[in-house]
Every structure is written in C-alpha cells, then in structure tokens.
Amino acid sequence: MPASLTARSVENAKPDPSRRLELPDGALPGFYLVVQPSGAKSWAVRYRVSGKPKKFTLGPYPRLTLADAREQARAALRTASEGRDPSVVRAAAELEAEAVSKLRFGAVVAEFIERYAKPRNRTWPETERLLTRADLASWQNRDIRSISRQEILEVLDRMVERGAPVQANRLVAAMRRFFGWAVERGLLEASPMAALKPPSAEVSRDRVLSDAELAAIWRAAGEIGFPFGSAVQLMILTGQRRAEVLEAEWREFDLGRGLWTIPCERSKNGGAHLIPLAPAAVELLRAVPRIGPNPRLVFTTTGLTPFSGVSKAFARLTELAGRKMSEEHCLEPWRLHDLRRTFATGCARLSIPLHVVEKCLNHVSGSFGGIIAVYQRHDFLNERVQAMSLWAEHILQLQAEN
C-alpha cells in the first residue's frame, strides 16, 4: 500500500525527465500528485462513472496545498460515488459563476447605460446615478435575478418616508426601463417592475410668472451677472430648456446672423433645433466673457465644465428678485422651467400663433404630433424670427414699465 502523501514528500518529489509521474496518496485512494517531466506539479483524482474510468485535475501545486487538494479530492470522490461526474459538476459551477458575474446588477446597469441610455437620452447621467448610487448602492454586486418586487417596494417606501416621493417616481421610471431592457436581452424571464405604479401622484405644473415677477427676475439676473444671471436672461429671451442653455457651446452660435443651433445630441427630442436670436439676445451673448485658451462653453467658470452651482445661484436669484417686487406683490415659489411655460403663455398673449410658438420651443407634440410630425417639414423660420423679436421687445418693455 502506498504511503500517505505529506507536505514534505510533496515538496521533495522529483520529476522523471522521460515520463509523467502519478504518486498515489495512501490516505485517500484515487487521489494523486502528478509530477510532469518539467517539474510542474498538480493534483488529480481518478474515479469511475457509469463503469468508465475518469480523471479530474483539481489544480496546481503549490497554489493548491496538500490539505486543500485532499479535501477537494474527497468531495470529488463522494460526488462520483453518487453517480455524478465531478468534472461535469465543476464545469456547470464555473458556468454558473460566470453567469452570476455577468448578471451582477452593477455590471448589467453599466451595459444598459452604454447600449441603451447613452444613445437615446442625453440625461443618461441622471439615470446612471439613480441606478448605481444612494438607494441602490447595496445592489451593485447582487445577482439581478435575485432582486424581488418586494425589495423594490421596500426601497421606494423608504424614499417616500424620508420625503423624496418625486425621486422615488424617477427611480421607478429608470428601473422600469432597465428591467424591461434586461428582459428584451434575455437576461431575465420577467421584469419585477411589471404593473408596478409610481408611489406618489404628481401634479402637472401650470405656474406662469406674472409680468411683475418676470421683470423682477430679469433685473435680479442682470445684477447677478455672468454666468448664471446671463444664462437665466437667455432662458427668458428664448424659452429654451435649462440644460440646453447652461450647456451651450460657442460653436452653436452665429451671432452675425442671429442664430443658435442646438445639435441633435443636446436636443431633448433628438433633432437639431434652430433658434432665431432677437437683437437683445445677441447683445447679451456678445457681452459674455469667453473663458479659457480655447473657449468652448458659454456659461462656465472653469472653461472645462458648464456652470454647476445652480441650486445656490437660484436661491440667491429668488431672494434678490423677491426684494425687487413692490409691496402689493410678492414672488411666489417658482422654478427655472416655469420660464419656458411663461414664454409660451406670453407669446400667446402677443397673438403669436400656437404652431409658431411650438416651433420656437422645439415641441414635437401638440400641433406637430402624430402624422403631422411625419409630413409637416416647414420650419416657419421667418415667423419664428418675428416671434422672438416681439417677445424680446415685450421683455424690454416690462423693464421700462417696472
């Protein structure tokens, strides 16, 4: 009977340059130390499954110690005694481990962002933030298949309880797209978000600034100046979205012709948007300093990134505008997006046709939704030039009156 393998005997085992050696372990029949002619050593198990002899390599020595190799060999022989092939069992386990790695929530989210969110939505950074940080940070190494509907509801309940119901709704929207995409890709059989409703009802805003409020905000923005004050004044004059203004680049402007072209990659609806600039808007932009050796961004303090201190700047703007209101009036709570709604309402008061206003705002619903969006290609540029000029004159008139 062969002697039991020991740490010393394994270490001292010498190779035979002419052939491979298999040194049996007397303590565990079927377990071997394999010594190659090169001197490389490894562990193996010999066994039978369905009457056929099999050999199963456990791993190399010394990375796998004698004690660990013997334990693995014992488990492999036990598996074989049950009629299962250890090599097949291991291969299946490795495939499952690889699948689990690929199906880690964080890994799938990263792929979702690259393949789906980035090409379709310029607000993908917010989607990425919702799915990778804060409330879902602990999910990043989870198997996506293990995430249950109940766990999702618990996360949403916690968000609502801490006073973030709207953020919870945004997370529902992001997860619905994410899990739906995972189903389409064959990563999941069904989405845990199916039929799950947002936890909080949201009321559509209809806030429109009064003439007095708009005048006060314009004057306050002028006092604050570049970059945020100038950006707010451009939002007022053009009715464009906050991100479209704050992330504007100089290459988008032709001040000589009074035109601003928001490229498709920055436009919310995915199409390039040409905006006529009234003389007041051109004058405002000519006064904006160009930051950096090769100026790219319009509203920036670093020359490298868009202005980012919006929350504090907005609070300061609101406080300053409130002080400019008369005693009979006060500045009601408002948001930057209300400037866009105020632009649309104000243009309507100036008798500017709805379809022209929608073209100014780059809306694809309403007058230009459905089949009309397919066949109506006229850009109403001349009408929009007139509309922007009328609106700018109205803004300047408000300053004179207030």
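The values are calculated or read from the model by the stated rules, or taken from the named source; none is laboratory data. Predicted model only: the values in this text are computed from it and were never measured. Quick reminder, even Gly has a Cβ in these numbers, built from the backbone with ideal geometry, and neighbours come from all protein chains shown.
Does the range 210-230 contain at least one residue that is assigned by TED's automatic domain parsing to the domain that holds A344 and within 26 Å of the chain's Cα centre (by Cα)? The answer is yes, given that some residue of the range 210-230 is assigned by TED's automatic domain parsing to the domain that holds A344 and within 26 Å of the chain's Cα centre (by Cα). S50 meets all of the listed conditions (1) on the phi < 0 side of the Ramachandran plot; (2) within 54 Å of the chain's Cα centre (by Cα) but one, namely (1).
Considering only residues that are more than 22 Å from L361 (Cβ to Cβ) and not aromatic (F, W, Y), look in the range 304-315 and name the one that is surrounded by the most Cβ atoms within 10 Å (Cβ to Cβ). Steps first, please.
Restricting attention to the range 304-315, the residues satisfying the condition of being more than 22 Å from L361 (Cβ to Cβ) are 304-305, 307-309, 311-313, 315.
Restricting the remaining residues to those that are not aromatic (F, W, Y) gives 304-305, 308-309, 311-313, 315.
Working: L304: 10, T305: 10, S308: 11, G309: 11, S311: 8, K312: 9, A313: 18, A315: 10.
Going through the qualifying residues, I end up with A313.
Here's a check for you: in the range 127-157, which residue that is without any contact (Cβ under 8 Å) to a residue 24 or more places away in the chain and within 20 Å of the chain's Cα centre (by Cα) is farthest from F112 (Cα to Cα)? Checked the range 127-157; the qualifying residue farthest from F112 (Cα to Cα) is V155. Under 8 Å by Cβ, and 6 or more places apart or on different chains, what pairs join a residue from the range 24-46 that is at positive phi and assigned by TED's automatic domain parsing to the domain that holds A80 with one that is surrounded by 17 or more Cβ atoms within 10 Å (Cβ to Cβ) and not hydroxyl-bearing (S, T, Y)? Qualifying pairs under 8 Å: G30/V45; G30/R46; G30/A73; G30/L77.
Looking only at the range 316-324, decide whether some residue is surrounded by 12 or more Cβ atoms within 10 Å (Cβ to Cβ), in a loop (DSSP other than H, G, I, E, B) and touching a Phe, Trp or Tyr at 6+ places or on another chain (Cβ under 9 Å). So far as the range 316-324 goes, no, none of its residues is surrounded by 12 or more Cβ atoms within 10 Å (Cβ to Cβ), in a loop (DSSP other than H, G, I, E, B) and touching a Phe, Trp or Tyr at 6+ places or on another chain (Cβ under 9 Å).
Which ones in the range 13-57 are under 19 Å from A3 (Cβ atoms), part of a loop (DSSP other than H, G, I, E, B) and among the small types (G, A, S)? Result: A13, G26, A27, G30.
As a summary of the residue check, R74 satisfies the conditions (1) touching a helix residue (DSSP H, G or I) at 6+ places or on another chain (Cβ under 8 Å); (2) in contact (Cβ under 8 Å) with a residue 40 or more places away in the chain; (3) basic (K, R) except for the one numbered (1).
Taking the stated definitions as given, is L5 buried (at least 18 other Cβ atoms within 10 Å of the Cβ), modelled with pLDDT under 95 and either in a strand (DSSP E or B) or in contact with a strand residue (DSSP E or B) (Cβ under 8 Å, 6 or more places away or on another chain) (or both)? So L5 fits the description; yes.
For the structure I just gave you, tell me whether R46 is loosely packed, with under 13 Cβ neighbours inside 10 Å and at pLDDT below 95.
It is false that R46 is loosely packed, with under 13 Cβ neighbours inside 10 Å and at pLDDT below 95.
Quick grid of which residues meet (1) exposed (fewer than 12 other Cβ atoms within 10 Å of the Cβ); (2) closer than 30 Å to R8 by Cβ:
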position	(1), (2)
A67	yes, yes
A93	yes, no
A110	no, no
N121	no, no
R142	no, no
A173	no, no
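Note on the range 325-356: among residues that are of a type in the set (S, T, N, Q) and part of a loop (DSSP other than H, G, I, E, B), the one that is modelled with the highest pLDDT is S351. Sub-6 Å Cβ pairs linking a first residue in the range 233-262 that is over 22 Å from V357 (Cβ atoms) to a second residue that is among the charged types (D, E, K, R), at least 6 apart or interchain, are E249/R296, ordered by first then second residue. Looking for something over 26 Å from the mean Cα position of the chain (by Cα) and within 16 Å of R340 (Cβ to Cβ) - is there at least one such residue anywhere in the range 243-252? No, the conditions are met nowhere in the range 243-252. Taking the conditions (1) surrounded by 15 or more Cβ atoms within 10 Å (Cβ to Cβ); (2) modelled with pLDDT of 90 or more in turn, G186 satisfies each one other than (1).
When each of F314, F253 is tested for being out of contact with any strand residue (DSSP E or B) (no Cβ under 8 Å at 6 or more places or on another chain), assigned by TED's automatic domain parsing to the domain that holds R219, aromatic (F, W, Y) and within 28 Å of W124 (Cβ to Cβ), the lone residue that passes is F314.
Here the condition is being over 28 Å from the mean Cα position of the chain (by Cα) and in contact (Cβ under 8 Å) with a residue 40 or more places away in the chain; of P279, P306, it holds for P279 alone.
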